[in-house]
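What follows is a short report on a single structure.
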Amino acid sequence: WSRYHEGLDVSMFDMFQTRAEMLPWFFLAQTFLLEGEVPILDLLGIVFGHVYHYGRSVGIGKAPGFVRDWYENGEGALAERMRGEYKKVGSDFELQ
């Protein structure tokens, strides 16, 4: 989220103003300062977020062609069910 909304000002608890790209680091610091533990999961989230963003920007990580073809043109109960389920939640994953 933070990479797609770079430059956006985000208010945290109406006390701090930060930019969207710094939000994961803010949460990392919050975990460390308020919970007193090493924020391993926050660091993993930052690492995997960067890997995901890089993969999306260079075009890797897409479903193979035969899977996309099956989803778009496939017949049968499973293909119909998959398309129906995606229609319910598909708008949740679109960028605005």
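The values are calculated or read from the model by the stated rules, or taken from the named source; none is laboratory data. On a predicted model such as this, the values are computed, not experimentally measured, just so you know. No Cβ is skipped: glycine too gets one built from the backbone with ideal geometry, and neighbour counts run over all protein chains shown. These area figures cover heavy atoms from the full protein model, side chains too; ligands, DNA and RNA do not enter into them. Shrake-Rupley method; radii C 1.70, N 1.55, O 1.52, S 1.80 Å.
Summary table
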{"quantity": "Net charge dipole size for the chain [Lys, Arg +1 and Asp, Glu -1 on Cβ; Debye, nearest 20]", "calculated": "320 debye"}
{"quantity": "Förster-model FRET efficiency, 30 Å R0, L33 and Y54, C-beta, rounded to 0.05", "calculated": "0.55"}
{"quantity": "Surface share of carbon and sulfur [accessible, 1.4 angstrom probe, percent] for the chain", "calculated": "61 percent"}
{"quantity": "Average Cα contact separation per residue, the chain, under 8 Å, 6 or more apart, as relative contact order %", "calculated": "13 percent"}
{"quantity": "Percent of C-alpha pairs per 10 Å bin, the chain, short to long", "calculated": "13, 29, 29, 19, 10, 1"}
{"quantity": "Listed residues P64, L33, I46: farthest to the positive end of the dipole of the chain (Cβ charges)", "calculated": "P64"}
{"quantity": "Residue with peak Gaussian network fluctuation, the chain [Cα springs, cutoff 10 Å], from G61, G76, G45", "calculated": "G76"}
{"quantity": "Kirkwood Rh in Å, taken over all unlike Cα pairs in region 19-61", "calculated": "11.3 Å"}
